[in-house]
Amino acid sequence: ENKYIADAIQSHKICGDGVYTEKCQALLEERTGSAKVLLTNSGTDALEMAALLCDLEPGDEVILPSYTFSSTANAFALFGAKLVFVDIRPDTMNIDENLIEDAITEKTKVIVPVHYAGVSCEMDTIMDIANRHNLLVVEDAAQGVMSTYKGRALGTIGHIGCYSFHETKNYSMGEGGAILLNDPKFVDRAEIVREKGTNRANFLRGQVDKYTWVD
């Protein structure tokens, strides 16, 4: 670790998106099978990016467990969503999948299962409900890095997944997080959102001759 940190510093690229960011993103894509992984400043940032990508409008409803960290709720409340809390199961401390459908209304847009302590929610049931009601699923897998559900990495089953690398999590870099874009339709806009609304990622790949604000 000391060697890698020194190497990163000596590269004179210490503002992020350097060679180690690319290596980490590629490793996570390889290990999880996600279509695209982008590192973020925190798990909270990843959740806020996910909420923005869901195109929430004031009054849209988001279903989430009543037992979770505040960032799960705040990320969606920031964009005007109405939070609809569903109780948890006493055996897993995760959202009770059997109570979700009763909480759905014509204004529901997103379900946010939280995988508490690396224990998976019942994702088959949740995805079935989401597909039948045409809802997005954002997995809060902050505590689920490298945990799996029926052989699939947590964070890769819903449309978007969110990881945390806070010092209290499975893998730590002090702070930090990642957003997993499992539906390719989110990738282009996620890169723009992550670059503060600019198409800088396209510029760095040589796809445009200058970058500007596009979102």
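Among 145, 137, 84, the largest mean-square fluctuation in a Gaussian network model of the chain (Cα springs under 10 Å) belongs to 84.
The charge dipole of the chain, taken about its Cα centre with unit charges on the Cβ atoms of Lys, Arg (+1), Asp and Glu (-1) only, comes to about 680 debye. When all protein chains stay in place and ligands, DNA and RNA are ignored, the 1.4 Å accessible-area order of 95, 88, largest first, is 88, 95.
Measuring only protein heavy atoms, the 1.4 Å probe finds residue 166 accessible over about 50 Å². What relative contact order, as a whole-number percentage, does the stretch 1-117 give when Cα pairs under 8 Å and 6 or more residues apart are counted? So the answer I get is 22 percent. For the stretch 80-169, the calculated P(r) over all alpha carbon pairs, in 5 Å bins from 0 to the bin holding the longest distance, is 3, 14, 26, 25, 18, 10, 3, 0 percent. Expressed in units of 2.2 N^0.38 Å, where N is the residue count, the Cα radius of gyration of the chain is 1.03.
If you average the sequence gap of Cα pairs under 8 Å that are 6 or more apart and divide by the length of the stretch 94-215, what percent do you get for the contact order? This gives 15 percent for the stretch 94-215. In this structure, residue 173 and residue 55 have a Cβ-Cβ separation that, at R0 = 35 Å, corresponds to a calculated FRET efficiency of about 0.70. Explain nothing, just the number: relative contact order of the chain, from Cα pairs under 8 Å at least 6 residues apart, as a whole percent. So the answer I get is 20 percent. Beta bridges assigned by DSSP with both partners in the chain are antiparallel in approximately 50 percent of cases. Residue 107 contributes about 110 Å² of solvent-accessible surface, heavy atoms of the protein only, 1.4 Å probe. Total lysine pairs in the chain at Cα distances under 13 Å, for residues eight or more apart or on different chains: 4.
The values are calculated or read from the model by the stated rules, or taken from the named source; none is laboratory data. All values reported here derive from a predicted model rather than from experimental measurement. Backbone-built Cβ (ideal geometry, glycine too); neighbour counts: all protein chains shown. These accessible areas exclude ligands, DNA and RNA; they are computed on the full protein's heavy atoms, side chains included. Shrake-Rupley method; radii C 1.70, N 1.55, O 1.52, S 1.80 Å.
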